[in-house]
Structures are given as structure tokens and as C-alpha cells.
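Have a look at the structure below, then the notes.
The values are calculated or read from the model by the stated rules, or taken from the named source; none is laboratory data. Because the structure is predicted, anything quoted here is derived from the model rather than measured. A quick note on method: Cβ atoms are made from the backbone with ideal geometry, for glycine too, and the neighbour counts reach across all protein chains shown. These area figures cover heavy atoms from the full protein model, side chains too; ligands, DNA and RNA do not enter into them. Shrake-Rupley method; radii C 1.70, N 1.55, O 1.52, S 1.80 Å.
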Amino acid sequence: MSTFIIEGGHRLKGEITPQGAKNEALQVICATLLTQESVRIQNIPNILDVNNLIALLEQMGVTTQWNGKGDCTFCAAHINLDYLLSPEFLERCSRLRGSVLLIGPLVARFGKATIAKPGGDKIGRRRLDTHFYGLQKLGARFFYDEDGGTYHIEAPKLKGTYMLLDEASITGTANIIMAAVLAKGTTTIYNAACEPYIQQLCHLLNQMGARISGIASNLLTIVGVNELHTATHRILPDMIEIGSFIGMGAMVGDGLIIRQAGVKQLGIIPESFRRLGIKLYIKGDDILIPAQKHYQIESFIDGSFMTLADAPWPGLTPDLLSVLIVVATQARGTVLFHQKMFESRLFFVDKLIEMGAQIILCDPHRAVVVGHDHKIKLRGRRMVSPDIRAGIALLIAALSADGTSKIDNVEQIDRGYECIEERLNQLGAHIQRV
């Protein structure tokens, strides 16, 4: 287990370019299983979750050819179906949340799939009901082996149908889309997730010969085809990493520029930071965050204090609430954060309270932050990263704190952020990995 030692108080200045989007990468890489032909994916982030998924696919029989940094060609012509029943495969699945995205492609192409209950962040229950509901509507059958912790799905023949999803699950929608593109007939998905990750998956599949319409809406229509073919796809910049850099620029920046930020795909993320009083400027596809001596939290029109809540796209992504909470600790004013989608994602705030932040944790879903306006600085502490997003939030807090902080279990951060300490040190941070 690795630890970051962070010497706080150093200002960040310069330019940084975001990595490819983690969540998109997991989806489009799994989509390469849908064809025997090669599929080229560009701008793949070099992070733990994505690297583990690629290693898992290679164990399954997928060949990979790296054409350069972040540029890989996948060919799933010869999949070892016996390996998919092995204890080694199931054990690997249990450690990788992204393995759940294998279900749709495997069922669509081979008529069956077996995976272990996937791992990932410890942020509360993340049920798979939406995945299985959609696959059942397409004609699949499944059962859960409680003793082995494995899901078995069978579908000799998938057939298109209408379905209304009980929640706009991103991975659930992705799995259903990947299964439906090879199903017979037309599938209509209502209340589908429409995040940029899903849009990108649909664009790739259409390049491969799928017939998907309604992209970027919550009503998708998919006309099944017999087979898919080769394609080339480029992954978007990671909007969560971009939001994290905006947070760093606000807290400890001395003029930070985020290059090639994919601004059109960021939705309300920039506006959410502006509601905390953060000044940022968009020039073309770049974002400039100037040094912020003070930033004032906005209030609503009726004068009540600001509330920021997560919601399915185009609402505010839950992955950035932890960063926004840290930024709010040094704002002028008070803000209520409402984490609606996961019940354990706010528990990291006790670490911020120990650092001196004024936060009231109302319940597992709500926290009130009273900003210090830089009059009281956070204090360095020893902490443990519980998940990817809380980990980056604690790192931002440590960068702004007086003294030295230590963050254990930084492998959680590595799952979503590429070489983060090296990139931040180039901007002026003092982070050591031990």
C-alpha cells in the first residue's frame, strides 16, 4: 500500500492537460467484444481500473496492439469461453467494478455470461437490478449464486422490446445498449442515461455498424443488426479530472490553465463552481482559473443559502461533490450539499473536520459547509483514501493545508487519476509517494 506525503501551502501554476475519461474508457473497451474485427481506441487513460480491465480482456483472449501512448487496437476474434468460468476470471471480476460492463457484450455475442459481484468504491449499495431488468426484457434469464457470489446470465436469442428503466443507471444503460445492438428487432429504452459517456459509446457502436438513434436524450431506439465491424474511436477528456483541476486552481492555484478540456461536454460543471464564487474563464477549448484571494458563495434569488445536489445528467455529477465540498471550506458563505445518489459518499468529511473545516454532517446524504474565507487554514493530518473521488478531495485539502499531510491507500486515487503526483509536482506541488 502506497502513501502520499504532501507538503501543503505550495501554489500551483502552469498548464495541465486532462487524461481520457475513465468511465467512457471502461465502456468502449468492453464494446470491442461485440465484434471479431479490430477496434482502435485512442486517448485511453493510463490508470489502474482501465489497465486492470485491459489485462482481464487479454486473459479472455482479446489481442491488444499498442500504437502509441493511450492508443490501442483490440481484437476479440478468439475468446476463450472456458476461461470465463474459471475461478481466476471470477476473482478478477470481483476486484473490478468495470467488469459488470462485460455482461452486455458477452450475452449479445455468445449468449451467456458469468461474472462475480463486482468490486469498486465503498460508497454504499450499487445494485445491478437495472442491468438485469433490461437484459430480462431482451429475453435473457439470470440467477445469482449466493454461495459463490456470482451472476449467471443466459440468452440464446435476444429480441428487441420496449423498456422503461427504473433508474437512469449509466452502466446499466450501457450494458443494455451493448446487448440490444445485436438483438433481433427494435429496442426502445426510456429513462436511459444520457451522460457524455453513453453518447460516446453510442457513437462508437454506430461507427461499428449499429443503428442507434436518440443519442443524447433519455429515449434511445436501437434497431438490431446481425454483426458489427471495425472502427476507430477517440475518448473524451475526463470531465471529473477537469473538475478536480478547477477545484485545485480555486484552492491553491496561482493561475492554472486546463488545456483541451472538451468544454462542450462539461455540462453544468463550470457553473457549479461559479455558484461557489469561483472565477474561471473559457477560451476556446481551454479553461483558465486565476488566483482566487476570496470567493463568495451565491445565494438563491429569495436570499436563502445555496444548495448543490447531484442528479443524473444533465444534472451535476455525484463524482464532483467531494471536490466542491473541499472548495467550499475556504469560500465566504454557507452552502448545503445534498448527495442523493449514494448513501456513504459523504463520510469522508470527518477527515476534513479533523483538518479544521467547519462542516455539519446532517445525515448520510447532506452536509452543510461554513466557509473559512481563508481566515482559518486547514491543518495537515494523516488520512486514508476511502474511494477515488474522496481521495482526490483529500489531496486537494492537503495541498491547501498548513503543514504536512499523509494519505494512505492512494491506490484508490490511482484507479481514476493518471500519474497524479508527477503532474501536480510539475505545477509546483510537493507530493512524495512512499
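Here is how the numbers come out for the structure above:
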item: Net dipole in debye of the chain [+1 Lys, Arg Cβ; -1 Asp, Glu Cβ; about Cα centre; nearest 20]; result: 520 debye
item: Shape of region 88-196, Cα gyration tensor, a/c cut at 1.5; result: oblate
item: The chain - share of DSSP beta bridges that are antiparallel (%, nearest 5); result: 70 percent
item: For Glu195, solvent-accessible area (1.4 Å; no DNA, RNA or ligand), Å²; result: 20 Å²
item: Two-site label geometry, Cys419 and Ser217: point separation in nm, points 7 Å out along Cα→Cβ; result: 4.3 nm
item: 12 Å beta-carbon shell around Thr64, net charge (K/R +1, D/E -1); result: -1
item: Among Gly380, Leu321, Thr334 - extreme Cα towards positive end, dipole of region 312-397, charges at beta-carbon; result: Gly380
item: Relative frequency of Cα-Cα separations exceeding 32 Å in the chain, percent; result: 37 percent
item: MRE, 222 nm, helices only [DSSP H, n ≥ 4, -39500 (n - 2.57), over the chain, to nearest 500]; result: -8500 deg cm²/dmol
item: Region 60-104, dipole about Cα centre (Lys/Arg Cβ +1, Asp/Glu Cβ -1), debye to the nearest 20; result: 200 debye
item: Residue list for region 6-23, given a label point 7 angstrom along the Cα-to-Cβ vector of Gln260 and an amide N cut-off under 18 Å; result: 14-23
item: Hull volume in cubic angstrom per residue (convex hull over the Cα atoms of region 366-426); result: 102 Å³
item: 12 Å beta-carbon shell around Asn80, net charge (K/R +1, D/E -1); result: -3
item: Spin-label zone in region 288-311 - amide nitrogen under 14 Å from a point set 7 Å from the Cα of Ile268 along the C-beta vector; result: 300-301, 306-311
item: Residue pairs, from the table Lys112/Lys137; Lys293/Lys377; Lys340/Lys375, whose Cα atoms sit over 25 Å apart; result: Lys340/Lys375
item: Sequence of Trp313, Trp66 from largest to smallest accessible area, 1.4 Å probe; result: Trp66, Trp313
item: Lys279 accessible area, 1.4 Å probe, all protein chains in place, Å² to nearest 10; result: 110 Å²
item: Among Ser169, Leu102, Ile246 the positive-end extreme of the charge dipole of the chain (Cβ point charges); result: Ile246
item: Tilt relative to the chain, helix 239-252 - C-alpha long axis, 0 to 90 degrees, to 10; result: 10 degrees
item: In Hz, Karplus ³J(HN,Hα) per residue of region 284-291 (6.51, -1.76, 1.60; θ = phi - 60°; x = Gly, Pro); result: x, 9, 10, 10, 10, 10, x, 4
item: Ranked by how many other beta carbons lie within 10 Å on average, peptides 142-150, 258-266, 406-414 from highest; result: 406-414, 258-266, 142-150
item: Net length gained if the chain between Asp71 and Thr17 were fully extended (0.36 nm per residue, minus Cα distance); result: 17.8 nm
item: Accessible area of region 302-434 divided out per residue, in Å², using a probe of 1.4 angstrom; result: 36 Å²
item: Region 330-423: relative contact order in percent, alpha carbon pairs under 8 Å with at least 6 residues between; result: 26 percent
item: Long-range lysine pairs (8 or more apart or interchain), region 140-285, Cα under 26 Å; result: 4
item: Taking the chain and dividing mean pair separation by its residue count, relative contact order in percent (alpha carbons under 8 Å, at least six apart); result: 20 percent
item: Chain lengthening between Asp129 and Asn51 when straightened (0.36 nm per residue, less Cα-Cα); result: 25.4 nm
item: From the C-alpha gyration tensor of region 198-247, square roots of 5λ in Å; result: 28, 15, 5
item: Overall form of region 37-85 per C-alpha gyration tensor (a/c, 1.5; a/b vs b/c); result: oblate
item: Magnitude of the charge dipole, region 291-434, Cβ model with Lys/Arg +1 and Asp/Glu -1, debye to 20; result: 400 debye
item: For region 169-273, alpha-carbon Rg relative to the globular expectation (2.2 N^0.38 Å, N residues); result: 1.31
item: In Å, descending, principal axis extents of the Cα set of region 3-89; result: 54, 29, 19
item: Kirkwood hydrodynamic radius over Cα pairs of region 323-434, then Stokes diffusion coefficient at 20 °C and 1.002 mPa s, in µm²/s; result: 149 µm²/s
item: Calculated SAXS-style log₁₀ I(q)/I(0) at q = 0.21, 0.28, 0.29, 0.31 Å⁻¹ - region 235-284, Debye, Cα scatterers; result: -0.72, -1.30, -1.39, -1.54
item: For region 254-407: span of alpha carbons on each principal axis (Å, largest first); result: 40, 32, 31
